[in-house]
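S.K.: My structure is below; once you've seen it, I'll send some questions.
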Amino acid sequence: MLINIKRKARVYSPWIFHAHAGGCNNCDIELAACFAPRYDLERMGIQLRNNPRHADILIITGPVTKQISSSLRRIFDQVPNPKVVVACGSCALTGGVYNRDDGKPNYALAGPVEKLIPIDVSVPGCPPKPESIIDGVMLALEKLKEK
Amino acid sequence: MNIGLAKLVKELIKNSFRPVTAEYPAIPVHARPHEPGEEVRGRHKFDIEKCVGCGACQTVCSSGAITITDSGLVRVLRIDLSTCIFCGRCRDICPEEGLQLTSEVGLAQPYGENLNSLKVEHSVDLSNCVGCGRPTYPRKQIEAVRMRVLSNLDKANVDSASKDMDIYLKYCPDCRRSLSYTLGTHPRKLY
Ligand code: SF4
Ligand code: SF4
Ligand code: SF4
């Protein structure tokens, strides 16, 4: 019973941690716009936290650089279970513009996010529109319900 | 009273009646009307009639999202929307207007499931080389090239050029080179 209440409460007021993993910062600006009055994610009870230990949803932007890869792994481990990972933007999903033309690996990247941690929801776009990010967060809530 | 202050108060009163927050999910993202002049670039759409399969879009693609695979006599153009950055260069370069970007931007979806919904595909037929049998160019591209060349020539040259093209467009570049004397397309024939 208590667990059920906890689960319900979690889905109705999830907290988000936003990890920037080396992108061009545009996705981060769009994500900030999602929490501003125009797209207002907070009306759905969602709040942006600055501590991964408080978070339920982890939003990752950027193609994980080598410099940040160990920190990202640590952040992922710090988010308590159950957690949902949203990969936001083309470069978080596949590398996007940071891929080399000739198909060789980029020397600065530790690969797209999926190489390091499991992704639950993908939000393509470079940057994704705020509407699209909200869609992604809503899908993440669906996933959170199942977990 | 101060005019600036009056203006400010007017704006404040106006603002308190102006809806600010966009509704969710009242209207699907891609069906939302946007301001005139503002362009929304979303999922791609190939025009099956117009695309000739030339591959110009793949050459200019900013992020390498477009891949071209030739297997047998079929050429498949595939756009991976999870790599694409929606810059629109492919649409701008396309000589046949065979590619459009629709305003469908709500592409978020659960990861790993239904991967094909993030791919846009189009296939065109290739033609054979009469000499060696290898696949050469897409049929439609050959027609498009012929039309374009003929429409840019002087009237006097149209007949001979179209006769030439009837022959050498059937061959692949290698066969054309080795057969150029027999085909009569060698540059030396001109002097
Ligand atoms: S997906 Fe595009 S906009 Fe977003 S961080 Fe990467 S490069 Fe920047
Ligand atoms: S016709 Fe246009 S869409 Fe088709 S392959 Fe050529 S550039 Fe690409
Ligand atoms: S919109 Fe840009 S990145 Fe996407 S397929 Fe076209 S050229 Fe490539």
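The values are calculated or read from the model by the stated rules, or taken from the named source; none is laboratory data. None of the values given here were measured: they were computed from a predicted structure. Positions of Cβ are backbone-derived with ideal geometry, glycine not excepted, and every protein chain shown enters the neighbour counts.
S.K.: Limited to the range A:95-108, what total is found for residues that are at the interface with another protein chain (Cβ under 8 Å from one of its Cβ atoms), assigned to a loop (DSSP other than H, G, I, E, B) and within 18 Å of A:C24 (Cα to Cα)?
M.R.: Number of matching residues: 2.
S.K.: Something else about it: Has the range A:8-17 got at least one residue that is farther than 30 Å from A:P105 by Cβ and modelled with pLDDT of 90 or more?
M.R.: The answer is yes; a qualifying residue exists.
S.K.: Which one of these does A:H20 not meet: (1) buried (at least 23 other Cβ atoms within 10 Å of the Cβ); (2) touching an Asp or Glu at 6+ places or on another chain (Cβ under 9 Å)?
M.R.: Here A:H20 clears every test but (1).
S.K.: How many residues are of a type outside the set (A, V, I, L, M), within 18 Å of A:R74 (Cβ to Cβ) and under 12 Å from the mean Cα position of the chain (by Cα) when one looks only at the range A:1-24?
M.R.: So the answer is 3.
S.K.: Return the pairs, sorted by first residue and then second, in which the second residue is assigned to a loop (DSSP other than H, G, I, E, B) and among the acidic types (D, E), the first residue lies in the range B:49-64 and is in contact (Cβ under 8 Å) with a residue 40 or more places away in the chain and more than 8 Å from ligand 3 (Cβ to nearest atom), the beta carbons are less than 8 Å apart, and the residues are 6+ apart or on different chains.
M.R.: Between residues of the range B:49-64 that are in contact (Cβ under 8 Å) with a residue 40 or more places away in the chain and more than 8 Å from ligand 3 (Cβ to nearest atom) and residues that are assigned to a loop (DSSP other than H, G, I, E, B) and among the acidic types (D, E), the close pairs are B:K50/B:E96; B:K50/B:E97; B:C51/B:E96; B:V52/B:E96; B:C54/B:E96.
S.K.: Something else: Determine which single condition A:G111 fails, assuming it passes every other condition in (1) more than 25 Å from B:Y24 (Cα to Cα); (2) within 8 Å of chain B (Cβ to nearest Cβ).
M.R.: Of (1) more than 25 Å from B:Y24 (Cα to Cα); (2) within 8 Å of chain B (Cβ to nearest Cβ), only one is false for A:G111: (2).
S.K.: Now a separate question. Against the definition (more than 14 Å from chain B (Cβ to nearest Cβ), closer than 24 Å to A:M138 by Cα and touching a helix residue (DSSP H, G or I) at 6+ places or on another chain (Cβ under 6 Å)), how does A:P63 come out, yes or no?
M.R.: The answer is no for A:P63.
S.K.: Test A:L41 against the stated conditions and say whether it is touching a Lys or Arg at 6+ places or on another chain (Cβ under 8 Å), within 14 Å of another protein chain (Cβ to nearest Cβ) and away from ligand 3 (no atom under 16 Å from the Cβ).
M.R.: Against the criterion (touching a Lys or Arg at 6+ places or on another chain (Cβ under 8 Å), within 14 Å of another protein chain (Cβ to nearest Cβ) and away from ligand 3 (no atom under 16 Å from the Cβ)), A:L41 does not qualify.
S.K.: Report yes if B:G64 is over 9 Å from the mean Cα position of the chain (by Cα), within 12 Å of chain A (Cβ to nearest Cβ), at pLDDT below 90 and part of a loop (DSSP other than H, G, I, E, B), otherwise no.
M.R.: Here the answer is yes, as B:G64 does meet what is asked.
S.K.: Can I ask one more? B:F46 is checked against (1) within 16 Å of ligand 1 (Cβ to nearest atom); (2) buried (at least 19 other Cβ atoms within 10 Å of the Cβ) and fails just one. What number does that condition carry?
M.R.: (1)
S.K.: Does B:G53 meet the test of being in contact with a Ser or Thr (Cβ under 9 Å, 6 or more places away or on another chain) and more than 12 Å from chain A (Cβ to nearest Cβ)?
M.R.: Spelling it out, B:G53 is indeed in contact with a Ser or Thr (Cβ under 9 Å, 6 or more places away or on another chain) and more than 12 Å from chain A (Cβ to nearest Cβ).
So that you can scan it fast, the table gives a plain yes or no per residue for (1) farther than 19 Å from A:K129 by Cβ; (2) within 16 Å of ligand 1 (Cβ to nearest atom); (3) more than 14 Å from every other protein chain (Cβ to nearest Cβ); (4) part of a strand (DSSP E or B):
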{"position": "B:Q58", "(1), (2), (3), (4)": "yes, no, no, no"}
{"position": "B:T69", "(1), (2), (3), (4)": "yes, no, yes, yes"}
{"position": "B:T83", "(1), (2), (3), (4)": "no, yes, no, no"}
{"position": "B:D92", "(1), (2), (3), (4)": "yes, no, yes, no"}
{"position": "B:P95", "(1), (2), (3), (4)": "yes, no, yes, no"}
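S.K.: Could you identify the single residue in A:N81, A:N106 that is exposed (fewer than 15 other Cβ atoms within 10 Å of the Cβ) and within 16 Å of ligand 1 (Cβ to nearest atom)?
M.R.: Selected residue: A:N106, the only one of A:N81, A:N106 that is exposed (fewer than 15 other Cβ atoms within 10 Å of the Cβ) and within 16 Å of ligand 1 (Cβ to nearest atom).
S.K.: If you check every pair at least six apart or on different chains, which have Cβ atoms under 7 Å apart with a residue in the range A:127-141 that is more than 7 Å from chain B (Cβ to nearest Cβ) first and a residue that is part of a helix (DSSP H, G or I) and among the β-branched types (V, I, T) second?
M.R.: A:L141/A:V11
S.K.: Would you mind telling me which numbered condition in (1) farther than 14 Å from A:V137 by Cα; (2) part of a helix (DSSP H, G or I); (3) within 12 Å of the chain's Cα centre (by Cα) A:L31 fails?
M.R.: (1)
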